[in-house]
Every structure is written in C-alpha cells, then in structure tokens.
C-alpha cells in the first residue's frame, strides 16, 4: 500500500473539487464532492501505478501563511 498527499482546491466557477498529487505527472482529477474526488484520485493513481513506480518530480512539503503589507 502506498500513500500520497493530494492538494485539493475548489473551483469558484463550477464548485467542483480539483485535486492533484504534487510532482506526480498525470495524478489529477476532479469531483462534485470530496468523497467523489477521493475515489477518482485513487482510481487514477492506481492506473498510473500499473505502469510501475513513478519517479516523482517533487515531494509535497507543506503550506505557509504569508502576510503582505
């Protein structure tokens, strides 16, 4: 079993949730709910892993809150 971290955003125009795994080409999807997005991302990642272990281009580290004056 592998674990990946996904970044999730919500499109203000469509309301869809959009997710992607940073540094993992092709590992992205969308869904009307967070549950649907999770299912879709899991399916996409599973299909990508059928081609072998990915060579990740980067690794998710975290987020920062910035204050700009």
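Counted by neighbouring Cβ atoms within 10 Å, the residues 58, 29 run from fewest to most as 58, 29.
For segment 31-69, backbone nitrogen atoms closer than 13 Å to the point 7 Å from residue 2 Cα along Cα-to-C-beta are found at 42-58. When the chain is treated as a GNM with alpha-carbon contacts under 10 Å, the residue of 33, 14, 42 showing the greatest mean-square fluctuation is 14. Residue exposure proxy: 47, 1, ordered by other Cβ atoms within 10 angstrom of their Cβ from fewest to most, comes out as 1, 47. Largest mean-square fluctuation among 22, 12, 54, in a Gaussian network model of the chain whose springs join Cα atoms under 10 Å apart, belongs to 12.
FYI, it's all coordinate maths here, none of it is from the lab. Please read all numbers here as calculations on a predicted model, not as lab measurements. Virtual Cβ from ideal backbone geometry, glycine too; neighbours counted across all protein chains shown.
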